[in-house]
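Input: a single structure, listed below in structure tokens.
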Amino acid sequence: LQARLAEVDPHVARVYDFERMAGGTECFFTMELLSGRSIAEVVASGDWVGTTRLLAQVAHALDYIHRHGVVHLDLKPSNVMVTGEPDARVKVLDFGIAGMKHTKGLFGTLTYIAPEVVHGLMPDHRADLYALGVMAFELLTGRTPYADAKTRAEILRRKSSRPIVFPPGIGGVPPWLRALIEQLCSIAPEGRPVDAIEVARLLERGGGTGARSTDTVTTTSTVTTSKFVGRTRELDAAIAHVRARLERRSVDAKPCLLVTGPRGIELDLLDGV
């Protein structure tokens, strides 16, 4: 799963091999060697601008995996590494329970699991948005939302009954960011933002008032992994070309297929020679 996701996106750790252990049901994988620190170790106290820049990258990673039908379900600071300081790049790790998105039950890390998971409901991508909000709260305040809870049961009860409120006056965090975190942490999934890309854009634009981030790597990833929408004739031609190449039909299998045309107009497909 993680190997498939990491093929393109720069904010998901790349996996090289995945295999089942001989004689058992456990699996192992090898992944790229990353040099960096967890996002919690990197963010500076009071630096809400730098923190939101990193959180925007996390949101882009979530957008990527959600568009591929995957929910992480265990997003937390220890599963987000920052590499390449000072040109910080986020890498989202550990998709160990992502395959459980169609399973009812209590799983994940207690602090970050969404209220609907507590109730045994089927989680979707909005469970990751909740975890992102809790992580943002923790990074900006230095504590988790329910840090004063005495027991596990109390944390679970509060998740379902007490909305998370971001404390005012913490490190100069602006009102728009406090409001966004509270929205991400909404008890009801429908109270949260629609999707991760909306969150990423809000973080990049400072709640809609600032200049948009020019993160070339993230932007390129988002563009190159978007779905091919519309243009049925062209898509059919592309599929026919691929099938001919795979089946090695000498008459129909051209050496390559060129896609041409300025952005925003209907594309033309030209057989290579």
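The values are calculated or read from the model by the stated rules, or taken from the named source; none is laboratory data. Just so you know, these numbers come straight off a predicted model, no measurement behind them. Neighbour counts are summed over all protein chains in view; Cβ atoms, including those assigned to glycine, are modelled from backbone coordinates with ideal geometry. Note: accessible area is taken over every heavy atom of the protein model, side chains too, but ligands, DNA and RNA are not part of it. Shrake-Rupley method; radii C 1.70, N 1.55, O 1.52, S 1.80 Å.
Under 5 Å between amide hydrogens, built in the peptide plane, is the criterion, and for VAL12 it picks out VAL92 among residues at least 5 positions away or on other chains.
Which part of segment 40-84 falls in the paramagnetic zone of MET122, meaning amide N under 16 Å from the point 7 Å along Cα-to-beta-carbon? So the set is 69-71. Fully extending the segment from VAL49 to GLN183, taken as 0.36 nm per residue of separation minus the present Cα-Cα distance, adds 46.3 nm. Between amide H atoms placed 1.01 Å from N, distances below 5 Å from ARG37 occur with VAL82, all of them 5 or more places distant or on a separate chain.
So how much slack lies between GLU247 and ARG143, counting 0.36 nm per residue of separation and subtracting their Cα-Cα distance, in nm? Present the calculation step by step, with values, prior to reporting the outcome.
Details: separation 104, 0.36 × 104 = 37.44 nm, distance 5.81 nm.
Extra length available between GLU247 and ARG143 comes to 31.6 nm.
Simple spin-label estimate for ARG152 and ARG205 gives 4.3 nm between the two label positions (7 Å along the Cα-to-Cβ direction from each Cα). So how far apart, in nm, are the two label points at GLU190 and ARG20 if each is 7 Å from Cα heading toward Cβ? Inter-label distance under the simple model: 4.2 nm.
Would you please put 139-147, 44-52, 63-71, 165-173 in order of how densely packed they are, using the mean number of other Cβ atoms within 10 angstrom per residue and starting with the highest?
63-71, 139-147, 44-52, 165-173
Computed in the context of the full set of protein chains, the accessible area of segment 131-198 at 1.4 Å probe radius has 57% of its extent on carbon or sulfur. Within segment 144-180, list the residues whose amide N lies under 14 Å from a label point set 7 Å along Cα→Cβ of SER78. What the label zone holds, given the 14 Å backbone N cut-off, is no residue at all.
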